[in-house]
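Trainee: Sharing a structure here in C-alpha cells format.
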Amino acid sequence: VMASALSVFFIRVGALSGNLLFGYLIDEHCTALIILLAVQLL
C-alpha cells in the first residue's frame, strides 16, 4: 500500500511540474517548444 501511494504521489508531482514547465515555456515564447508542437501536428 505504501509503495502504491508513493508512486501515485510522484506521478502527480511529475504531472504538476510538467504542466508548470510547459506553461512557463509558452509564456517565454520558447521557439523550440512551438516548433516541436508544430512538427508533431504534421
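The values are calculated or read from the model by the stated rules, or taken from the named source; none is laboratory data. Just so it is clear, the structure is predicted and the values come from calculations on it, not from any experiment. Positions of Cβ are generated from backbone atoms using ideal geometry, with glycine treated the same way; all protein chains shown enter the neighbour counts.
Trainee: Within region 28-35, is even one residue among the acidic types (Asp, Glu), without any contact (Cβ under 8 Å) to a residue 12 or more places away in the chain and assigned to a helix (DSSP H, G or I)?
Mentor: Checked against the condition, which is being among the acidic types (Asp, Glu), without any contact (Cβ under 8 Å) to a residue 12 or more places away in the chain and assigned to a helix (DSSP H, G or I), region 28-35 yields no hits at all.
Trainee: Still on this structure, I have one more. Failed condition for Phe10, given (1) at pLDDT 95 or above; (2) over 17 Å from the mean Cα position of the chain (by Cα), with all others met?
Mentor: Tallying (1) at pLDDT 95 or above; (2) over 17 Å from the mean Cα position of the chain (by Cα), Phe10 fails exactly one: (2).
Trainee: Also, I was wondering about something else. Restricting the search to region 1-33, which residues are small (Gly, Ala, Ser) and surrounded by 10 or more Cβ atoms within 10 Å (Cβ to Cβ)?
Mentor: Taking region 1-33 first, the residues small (Gly, Ala, Ser) are 3-5, 7, 14-15, 17-18, 23, 32.
Ser7, Gly14, Ala15, Ser17, Gly18, Gly23 - these are the residues of region 1-33 that are small (Gly, Ala, Ser) and surrounded by 10 or more Cβ atoms within 10 Å (Cβ to Cβ).
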